[in-house]
Amino acid sequence: MIATNKATILDRTKAPAIKDAVEFDLKLKPYEKFVLDNGVPVYNINAGAEEVMMVELVFFAGNSYEQKNLVAAAVNALLKNGTTKKTAFQINNHFEYYGSYLNRNCYNETATLTLHTLSKHLPELLPVMQEIITDSIFPEEEISIFKQNSKQRLAVGLKKCDFVAGRLIDAYVYGEQHPYGKYSNAEDYDALKRNELVDFYKKYYSNGQCILFCAGKLPPNLYQQLNDYFGKLPLQPPPAETTSFIITPAEQKKYRISNDPDGVQGAIRLAQPFPNRLHPDFLKCSMLNTLFGGYFGSRLMSNIREEKGYTYGIHSYIQNHVHQTAWLISTEAGKDVCEATIEEVYKEMQLLREDLVDEEELHLVRNYMMGLILGDLDGPFQLIARWKNIILNNLDETYFYKSIQNIKTVSAEQLREMANKYLLPERFYELVVI
Amino acid sequence: MIQYERFVLANGLRVLVHEDTSTPMAVMNIMYDVGSRDEEPERTGFAHLFEHLMFGGSINIPQYDEPLQMAGGENNAYTTNDLTNYYITIPADNLETAFWLESDRMLSLAFSEKSLDVQRKVVCEEFKEHYLNKPYGDVWHKLREMIYQKHPYRWMTIGKELSHIENAKLEDVKKFFFKHYRPVNAILVVAGNITVARVKELAEKWFGDIPSGEKYERNLPQEPRQTAPRRLEVKANVPLDAFYKCWHIYSRLDQRYYTADLISEVLSGGGSSRLYQSLVKEKQLFSNIDCYHFGTVDKGLLCIDGKLVKGVKMEDAEKAVEEELQKIKNEKVSEEELQKVKNKTESMMAFEDMSVMNRANSLAFYELLGDANLMNTELSKYQQVTADDILKESRIIFDEANSNTLYYYSSNN
């Protein structure tokens, strides 16, 4: 070959050579673990260039543990609203003075209290976190403000078709009594009583089962600090397994609901119950899901957004639940094209059942997923989030490596087999809320 | 301190490089100096529609997304009133794919009729999803028209009305592209696990021969000083009454911008902020209340908005807000309170800077403002704000003659 002037050989139609992402050797940076005096485990990722960190306390205090709707969520929401020594204002002011964020979230199995802070301020903040989990008093006045404002927020949510559809589809799949399927009503807020909140708090927080996750630039005496403030408390290590509830899916499969007579779009949800991560089909189906509706270049996006322009976005995903889960398709589409959209979704399912995915598309999805995971393993907070998901699902790092292996090797035949098993219209609940 | 190197190609493209070897990834961020403020009043929403069209194929590459995904990359974009930004994250080994794709669409789009046709529909659905089919979705539409009489911040990025988007022609698309999407109006930032030398070589190779284009000279109508209060009342099918009040503030490069930012933090920005404590917790007039501003390049807005507790009269709610404003206008904030909002700002910046993508994005934005190094002096500008500044600026900003009030009533009451 003869060397020519660079400018004359720049062929813009030709893609530069790439390193195939499937060749990336992805490694999950291991955590450091220690156990506090009371047996509570602490998982740490010590990394990062900025002087910031997070400490998360995960309690087994999600809505699976409540006897009455919303008790778990209310306790979690009101954790920062007063102790015997400090008012809600004083607690907030303390964390905010140090520029830190103390957030709480309530899920199905777990509920969290999460601190993000500049690492240098940790010693000022841990004592007050301890106070919050040992000495919260849930003042009546705070409960009443919480009820009133939650009901108002709910009233606004109920005007939105996507919010309404999200609640209903979960109820169809799991049943309204199931922790994954139940939702809030104004009357449930009214019915909350202080003593129920206090009892739940004592049992599931002050004396609860707990795991800690820390990430970021961690101080060298972290163990000492955490043990001083949390290791002497009557907390317990996490349960070996959490309770699994029986799902009671609805009998009727198709729903059309009118929520707002002036609505110009419909919220579409299709869903079917799906097994959890331990099921042998799970990883193969997550790959199929990506191809079907899990990224911008997916079949659903390409057809329904990029070809037909029916929607701003359409996605499919498998919910991140522990015991059982659901496979969903979700979009907001123009009122007049909702039915056409559903029809196209079913057509895409049919294509996946009948035709083998060609090698190029499969290769693209493999590379895309690998690149995504590579980027997702970047930074201490992302790493701990991945570990947390593994640990809270009672898995270990072999699951991570298995899922990488699956991305690299799952075959077109296996994907078609999965499509024939799961992507069948009759398996799906079908809901449109306008 | 964020380290970077800056050079300019012969065609005027500004390039900034920020090395960070702790990540396996690279980020490419391209910011174009055009936003919805540069649109004509009869063709609003165009800058944003155009952003969608940038993904419809370029002159030599029919598909933008596929080769990127094949290289393990991901991308997105956004349009604001001020600018349009495109960004890619990709395994650093495959950075050249990003150069190839971005340079080709800066060279020229494919200008496909089909793409325009589909993206018009997609953007109309986006319009509906966010602004028509949501309770309170039209608020900013109404507020902007009241607040800005002349300046093009008068309309939202999504556009004034659906018809402006529906009527967009391929001819307009071409003109817009060759006016704004030229190297001389763009900033390229490459960050992550890369070297300056490699970026220099790739930038020359892929962007070097793109015609420079003409520098876009912005000449926007300036907003005259507001001299009398403006008020508007609306009734709509929403569950709760809502209160909105906005005041004109300063441009992004004005030192008083930092004072205004801290004022908004004193008033709202956490469970210990003044408006929340007084109006949600103590007086229980609002179920939520926020004070915020838009960090726009030209003179921006400070806004307070909240939903009223059912049964509370709008006038009483406004009076209570006014009492809080009187306090900040009449009494200096304590040193402790001032320190708190500065600490919060410091911490927020540290968390933002954790991500390479945020760093690349910020570098591009500050370069657009005139000097990328502003990124490194930002914190000290907040540190310089005094309690006296807050007192003085509160009096100027919260002048009734500078205010715009919207009573958004629920028709269900």
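What follows draws every value from the coordinates through simple rules; no lab data is involved. This structure is a prediction, so every number in the text was calculated from the model and none was measured. When we count neighbours, we look across all protein chains shown, and the Cβ atoms used for this are built from the backbone with ideal geometry, even at glycine.
Only one residue of B:Phe127, B:Leu116, B:Met156 has its Cα farthest out toward the positive end of the dipole of region B:101-157, where Lys and Arg carry +1 and Asp and Glu -1 on Cβ, and that residue is B:Met156.
Can you tell me how region A:80-194 classifies by the Cα gyration tensor, rounded, prolate or oblate, using a/c under 1.5 as the rounded cut? Prolate, because a/c is 1.5 or more and a/b exceeds b/c.
Charge dipole (Cα centre; +1 on Lys/Arg Cβ, -1 on Asp/Glu Cβ; no other charges) of region B:246-286 amounts to roughly 100 debye. Each of A:Lys14 and A:Leu356 was given a label point 7 Å from its Cα along the Cα-to-Cβ line. The distance between the two points is 3.1 nm. When only the Cβ of Lys, Arg, Asp and Glu is charged (+1, +1, -1, -1), the dipole of chain A relative to its Cα centre reaches about 420 debye.
One Cα centroid belongs to region B:113-155, the other to region A:160-221; the line between them spans 36 Å.
Rounded to the nearest whole angstrom, the semi-axes of the ellipsoid equivalent to region B:117-205, taken from the Cα gyration tensor as √(5λ), stand at 35, 18, 16, largest first.
Past the 18 Å Cα-Cα mark, which pairs from A:Lys347/B:Lys121; B:Lys245/B:Lys329; A:Lys335/B:Lys121; A:Lys85/A:Lys120; A:Lys159/B:Lys245? Violating the 18 Å limit, Cα to Cα: A:Lys347/B:Lys121; A:Lys85/A:Lys120; A:Lys159/B:Lys245.
As a calculated quantity, the FRET efficiency between B:Ser411 and A:Lys217 at R0 = 41 Å, using C-beta atoms, amounts to about 0.20.
Here is the P(r) of region A:86-143: all C-alpha pair distances, binned every 10 Å from 0, give 20, 52, 26, 2 in whole percents. A Förster distance of 25 Å, applied to the separation of the beta-carbon atoms of A:Gln382 and B:Ser334, puts the FRET efficiency at 0.05.
Against the longest principal axis of chain B, how steep is helix B:255-267, in degrees 0 to 90 to the nearest 10, with axes from Cα atoms? Its long axis makes an angle of about 50 degrees.
For A:Lys86, a cut-off of 14 angstrom between C-alpha atoms picks up these aspartates and glutamates, skipping any fewer than 8 places away in its own chain: A:Glu131, A:Asp135, A:Glu142.
Considering chain B at the alpha-carbon level, its Rg and Dmax are found to be 22.9, 66 Å. Round to a whole angstrom and tell me the spacing of the C-alpha centers of region B:1-77 and region A:331-350. Answer, in whole Å: 32.
What pairs in B:Lys160/B:Lys235; A:Lys147/B:Lys340; A:Lys182/A:Lys232 have C-alpha atoms more than 25 Å from each other? Please list the in-between numbers first.
Details: B:Lys160/B:Lys235 20 Å; A:Lys147/B:Lys340 30 Å; A:Lys182/A:Lys232 36 Å.
Too far apart for the 25 Å limit: A:Lys147/B:Lys340; A:Lys182/A:Lys232.
Dividing the convex hull volume of the alpha-carbon atoms in the protein assembly as shown by its residue count gives 165 Å³ per residue. Please state the shape class of region B:1-116: rounded when a/c is under 1.5, otherwise prolate if a/b exceeds b/c and oblate if not, all from the C-alpha gyration tensor. Cα axes put region B:1-116 in the oblate bin. Once Lys and Arg get +1 and Asp and Glu get -1 on their Cβ, which of A:Ala267, A:Cys210, A:Phe200 lies farthest toward the positive end of the dipole of region A:186-321? The listed residue farthest towards the positive side: A:Cys210.
Please state the relative contact order of region A:108-210 as a whole percent: Cα pairs under 8 Å, 6+ residues apart? Could you put the intermediate results ahead of the total?
Numbers: 43 pairs, mean separation 30.1, N = 103.
That works out to 29 percent.
Within a straight-line Cα-Cα reach of under 19 Å, A:Lys217 can be paired with the following aspartates and glutamates, leaving aside sequence neighbours fewer than 8 residues apart in one chain: A:Glu32, A:Glu50, A:Glu51, A:Glu56, A:Glu124, A:Asp376, A:Asp378, B:Asp20, B:Glu346, B:Glu352, B:Asp353. In this structure, the amide hydrogen of B:Gly159, modeled 1.01 Å from its nitrogen in the peptide plane, lies closer than 5 angstrom to those of B:Gly45, counting only residues at least 5 positions away or on a different chain. For A:Lys120 and A:Glu51, the difference between the fully extended length at 0.36 nm per residue and the C-alpha to C-alpha distance is 24.1 nm. Roughly how tilted is helix A:140-157, in degrees to the nearest 10 and between 0 and 90, from the longest Cα axis of chain A? Compared with the principal axis, the helix lies near 20 degrees. Projected label points at A:Val198 and A:Glu23, each 7 Å from Cα along the beta carbon direction, are separated by 6.7 nanometres.
Rounded to the nearest 20 debye, what is the charge dipole size of region B:149-198 about its Cα centre when +1 sits on each Lys and Arg Cβ and -1 on each Asp and Glu Cβ?
On the way: 9 positive and 4 negative charges, 46 e Å.
In total the dipole reaches around 220 debye.
Rounded to 0.05, the FRET efficiency of the A:Gln177 and A:Gln224 pair, given R0 = 41 Å and the Cβ-Cβ distance, is 0.35.
Any idea what the relative contact order of chain A is, in percent, if you count C-alpha pairs under 8 Å spaced at least 6 apart? Walk me through the numbers before you get to the answer.
Numbers: 707 pairs, mean separation 91.6, N = 434.
Relative CO of chain A lands at 21 percent.
Please compute the contact order of region A:289-434 in relative form: average sequence separation of alpha-carbon pairs under 8 Å and at least six residues apart, divided by the residue count, as a percent. Write out the running numbers ahead of the final one.
Details: 130 pairs, mean separation 32.0, N = 146.
Here the relative contact order equals 22 percent.
The three principal axes of the C-alpha atoms in region A:151-276 carry coordinate ranges of 59, 35, 34 Å, sorted with the longest axis first.
Classify chain A as rounded, prolate or oblate from the Cα gyration tensor: take a ≥ b ≥ c as the square roots of its eigenvalues, call it rounded if a/c is under 1.5, otherwise prolate when a/b beats b/c and oblate if not. Verdict is oblate for chain A.
Under 4 °C and 1.567 mPa s, how fast does region B:321-403 diffuse according to Stokes-Einstein, given a Kirkwood radius computed over C-alpha pairs? Answer in µm²/s, whole number. Working shown, then result.
On the way: Rh = 14.9 Å.
Estimated via Stokes-Einstein, D reaches 87 µm²/s.
So what's region A:301-404 giving for Cα Rg divided by 2.2 N^0.38 Å, two decimals? Spell out each step's value before the answer.
Values: Rg = 17.3 Å, N = 104, 2.2 N^0.38 = 12.8 Å.
Expressed relative to 2.2 N^0.38 Å, the Cα Rg reads 1.34.
Across region B:241-376, counting alpha-carbon atoms alone, Rg and Dmax equal 16.7, 51 Å. Projected onto its three principal axes, the C-alpha set of region A:1-151 covers 84, 39, 31 Å, listed from the longest axis down. Projecting the Cα atoms of A:Phe230, A:Leu154, A:Leu383 onto the dipole axis of chain A, where Lys and Arg carry +1 and Asp and Glu carry -1 at the beta carbon, places A:Phe230 farthest toward the positive end.
Going through the cross-link list A:Lys202/B:Lys310; A:Lys80/B:Lys344; A:Lys254/A:Lys402; A:Lys254/B:Lys307; A:Lys408/B:Lys128, which pairs have a Cα-Cα distance over 28 Å in this structure?
Pairs exceeding 28 Å: A:Lys202/B:Lys310; A:Lys254/A:Lys402; A:Lys254/B:Lys307; A:Lys408/B:Lys128.
Ignoring aspartates and glutamates fewer than eight residues from A:Lys160 along the same chain, the ones with Cα atoms less than 13 angstrom from its Cα are A:Asp260, A:Asp262, A:Glu332, B:Glu129.
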